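Colleague: Please read through the structure below; I'll follow up with questions.
The values are calculated or read from the model by the stated rules, or taken from the named source; none is laboratory data. Since this is a predicted model, take the numbers as computed values, not measurements. Cβ: placed from backbone, ideal geometry, glycine included. Neighbour counts: every protein chain shown.
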Amino acid sequence: MKDKRPIFIVLYNLSRIILGITFVFSGFVKGQDPLGTAFKLEDYFIAFGWEWAMPFALILSILLCTFEFGIGASLLFNLQIRLTSWLTLLTMLFFTGLTLNDAITNPVPDCGCFGDAIKLTNWQTFYKNIVLLAFVVLMFYSARKIQPANTHRTPAFVTVFIVFAAFSVWSYKHLPVIDFLPFKIGTDFNPQSDKPAQYFLTYKNKLTGEEKEMPASEIPYTDSIWMEQWEYKSTRVYDPANAQRPDLQIIDTAGNDVSDHYLLNPDFQFIITLYDVNSASDETLKTLANTLHQAEAKGHSVIILCPATEEEIEKLRKNYNLDFEIFSADDIVLKMMVRANPGVILMKGGKILAKWNARNLPDFETLAKKYLQESS
């Protein structure tokens, strides 16, 4: 009788590697941005009415991502393989159930299983988990046929978890190693496009009330009967260049949109992002004020984007000497701009040149030498 053992060895290793790569990728993209993962956990806590858990979102984020990455690495390198296999099964059972609930009830738009690297709908995530669960079952079935040795290698197993947890904490104290969001370094708020703007006109049928939108070039202007039956209603302009621009509105105290004035500033422009005044470090705010006051003294524009109350704004000015111009912006967008509170962005001519977690902002002498050469 033909020996089927080689087939099961292939199936076992194939399942183990696919699961390992998926877990490593998922854990890495979320773990290198623990604050973003914490925001997603907060969305879940709010949806489930678990506001009491909000203060634990960050630590849970780091633990979850470390667990995922550690399990994935252990699968890939055969570390504590029996324990790892059972942990993989339990993890997939839990998340398959959770994502089925997400798909049916839609408590959050997406589960964030791959962070901001890959966006999936709740149903897509559920189907993905079904496929992964099938690989887990295949791995267990194949393992029963070939009885792989249980490779302990406990020191390596523990080291993987410790090292990745340290990396995730480091990422939190600095910035994500890979920025998957629209406000990454190099982003241009004044993008150019070879494609011209497109104009769409909406006409309404005078008899039926039907409304129809068509490209301006397709309107039958020479058809007198058609023009008599339809009346013009509105125009919509689609500019490919504007479609590439990240969505950010900077609003002054009078309610005016002053975004272009600052985002397209031809000179160096510092933007402080502060989505939560009360959770920011006192020491960081004071150091930040001192450094950027020096930049302002050299003629560089500095503004603060902050969805703060008047009392919080007064606190910034009085307690921390942050008396720069303060504008309102959406806190969700601010969280996307810089994964830090506060964060700092340096722009010039509409382009993002650099970003910092404010606690890591260089002193002004270093800034001037490394980033502000043209104005020195």
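Colleague: Which numbered condition trips up residue 233, out of (1) part of a loop (DSSP other than H, G, I, E, B); (2) charged (D, E, K, R); (3) loosely packed, with under 14 Cβ neighbours inside 10 Å?
Modeller: (1)
Colleague: Conditions: (1) touching a residue at least 40 places away in the same chain (Cβ under 8 Å); (2) under 21 Å from residue 120 (Cβ atoms). Residue 106 meets all but one. Number of the miss?
Modeller: (1)
Colleague: Check off (1) within 30 Å of residue 247 (Cβ to Cβ); (2) assigned by TED's automatic domain parsing to the domain that holds residue 37; (3) over 17 Å from the mean Cα position of the chain (by Cα) for residue 109 and give me the number that stays unchecked.
Modeller: Of everything listed in (1) within 30 Å of residue 247 (Cβ to Cβ); (2) assigned by TED's automatic domain parsing to the domain that holds residue 37; (3) over 17 Å from the mean Cα position of the chain (by Cα), residue 109 misses just condition (3).
Colleague: Another one. With the requirement that a residue be surrounded by fewer than 16 Cβ atoms within 10 Å (Cβ to Cβ) and in a helix (DSSP H, G or I), what does region 102-134 give you?
Modeller: The answer is 104, 105, 123, 127, 130, 131, 134.
Colleague: Please find, within region 204-242, the residue that is farthest from residue 188 (Cα to Cα) out of those that are touching a residue at least 12 places away in the same chain (Cβ under 8 Å) and touching a helix residue (DSSP H, G or I) at 6+ places or on another chain (Cβ under 9 Å).
Modeller: Result: 207.
Colleague: Take the conditions assigned to a helix (DSSP H, G or I), out of contact with any Pro (no Cβ under 8 Å at 6 or more places or on another chain) and among the small types (Gly, Ala, Ser) and apply them to residue 97. Does it pass?
Modeller: Here the answer is yes, as residue 97 does meet what is asked.
Colleague: Look at residue 159 and say whether it is under 20 Å from the mean Cα position of the chain (by Cα), outside any loop (DSSP other than H, G, I, E, B), of a type outside the set (A, V, I, L, M) and in the same structural domain as residue 48 (by TED's automatic domain parsing).
Modeller: So residue 159 does not fit the description; no.
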